[in-house]
1. For Arg350 and Asn319, what is the calculated FRET efficiency with R₀ set at 30 Å and r taken between the beta-carbons, to the nearest 0.05?
2. Can you give the extra length, in nm with one decimal, that the chain gains between Tyr177 and Gln260 once fully stretched, where that is 0.36 nm per residue apart less the Cα-Cα distance?
3. Kindly state, to the nearest 0.05, the FRET efficiency for His168 paired with Arg211, given R0 = 51 Å and r defined as their beta-carbon distance.
4. Mind checking segment 114-145 for trypsin sites (Lys or Arg not before Pro) that DSSP puts in a loop (not H, G, I, E or B) and that have at most 11 other Cβ atoms within 10 Å?
5. Going Cα to Cα from Lys34, which lysines come in below 30 Å? Please leave out same-chain ones fewer than 8 positions away.
6. Return the loop-located trypsin sites (Lys or Arg not before Pro) in segment 235-298 (DSSP other than H, G, I, E, B) with at most 15 other Cβ atoms within 10 Å of their own Cβ; answer none if there are none.
7. Within segment 290-330, what residues put their amide N at less than 17 Å from the label point 7 Å along the Cα-to-Cβ vector of Asp271?
8. What is segment 247-354's relative contact order, in percent, from Cα pairs under 8 angstrom and six or more apart in sequence?
Amino acid sequence: MKRILITGGAGFIGSALIRYLIAETDAIVFNLDKLTYAGNIESLREVADSDRYAFLQADICDGATVDGAIRDFQPDAVMHLAAESHVDRSIDGPAEFIRTNIQGTYQMLASAHGYWKTLTPDARDAFRFLHISTDEVYGSLGSDGLFTEETPYDPRSPYSASKAGSDHLVMAWFHTYGLPVLITNCSNNYGPYHFPEKLVPLVILNALDGRPLPIYGRGDNIRDWLYVEDHARALWQVVEQGAPGRTYNVGGGNERTNLQVVETICDILDDIAGDRRAGGRAAYRDQIEFVADRPGHDKRYAIDATRLRNELGWRPQENFETGLRKTVQWYLDNEWWWGPIRQSKYDGQRLGQT
């Protein structure tokens with residue numbers, strides 16, 4: 001029964017990971033989360049009563065609290081997901097991204113390293129620190145090629161630059177101090193419990209509200225889409241089987257333009273929620289409108305997950321069509337979760353226009 005400390009466990013990917021660990025493993029999970037605007041403890045409602053789950057509201061930049069949490073819980077692994085993650089918000093306010101993503105990662109490394117040094121030799125060998133990062137650190141691809149673990153870093157936004165900095169810190173703690181670290185760089189995630197500032201949930205909810213569905217530029221920017229529950233399984237496999245000092249790219253192999261994503265959501269909604277179309281529209285696609293592009297908008301991301309597949313045996317269980325249909329249906333069925341967010345935290349306004 002491994003003891004796993006997870007930072008950012010009330011966020012989108014973190015909560016999916018915790019739900020997976022409680023449901024599918026015998027791990028004991030300690031969730032450390034600040035509960036910023038995107039953290040939602042309701043995302044963990046189904047595991048809240050488990051005797052293998054505990055929660056502490058805390059800031060990863062608070063060294064004394066992090067030290068105490070690690071010392072008291074005595075984890076076998078730290079899975080570090082806490083981060084500011086929305087590119088548009090990083091354009092509006094980069095300072096918080098530098099603080100959380102760089103300073104916060106430093107603090108987690110420093111605290112984990114201090115704890116790790118107190119362990120027995122066998123426990124030190126078994127300990128893992130997994131840092132969850134993004135494919136955006138690699139910059140922008142042209143029409144060909146894939147990001148591999150050897151792709152040079154070339155971040156283009158305050159968000160991706162802050163994540164690139166945190167990745168380098170993690171590897172520095174491996175090479176300098178010997179801390180057994182791992183890094184994963186993932187493609188765009190989607191799925192249930194996704195804060196509605198991101199493309200997929202924003203389009204679903206704006207469509208249901210009869211609002212315009214804004215698409216940046218011509219909608220031809222391409223992303224590789226990964227169902228969040230497939231990502232959670234990958235993260236656990238990396239902790240269980242990954243080699244210290246190794247980076248693993250996690251991608252769904254589902255390249256789509258932004259326009260294709262929006263049109264697919266509209267078509268699914270026509271199929272399962274056509275009776276909810278507003279204003280007498282014949283199709284949800286009628287709500288699509290093109291808007292000025294985002295500053296520094298990377299053209300294409302695509303992940304080569306060969307290392308993860310070949311070395312650890314991971315395979316995604318969902319393709320884009322099956323995962324997206326599950327996601328749309330979840331939002332239709334769970335207004336209890338997203339309704340309060342739209343009312344009090346974020347109601348769909350555009351961000352990141354400098």
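1. 0.50
2. 25.3 nm
3. Taking R0 as 51 Å, the efficiency between His168 and Arg211 is 0.80.
4. Lys117
5. Within the straight-line limit of under 30 Å, Lys34 reaches these lysines: Lys2, Lys117, Lys163, Lys198, Lys326, Lys345.
6. Arg281
7. Counting backbone N atoms under 17 Å from the label point, the list is 318-330.
8. 39
Since every read-out is calculated from the coordinates, none of them should be taken as a lab result. Predicted model, so just to flag it, every value in this text is computed and none were measured. Note that each Cβ is placed from the backbone with ideal geometry, even for glycine, and that neighbours are counted across all protein chains shown.
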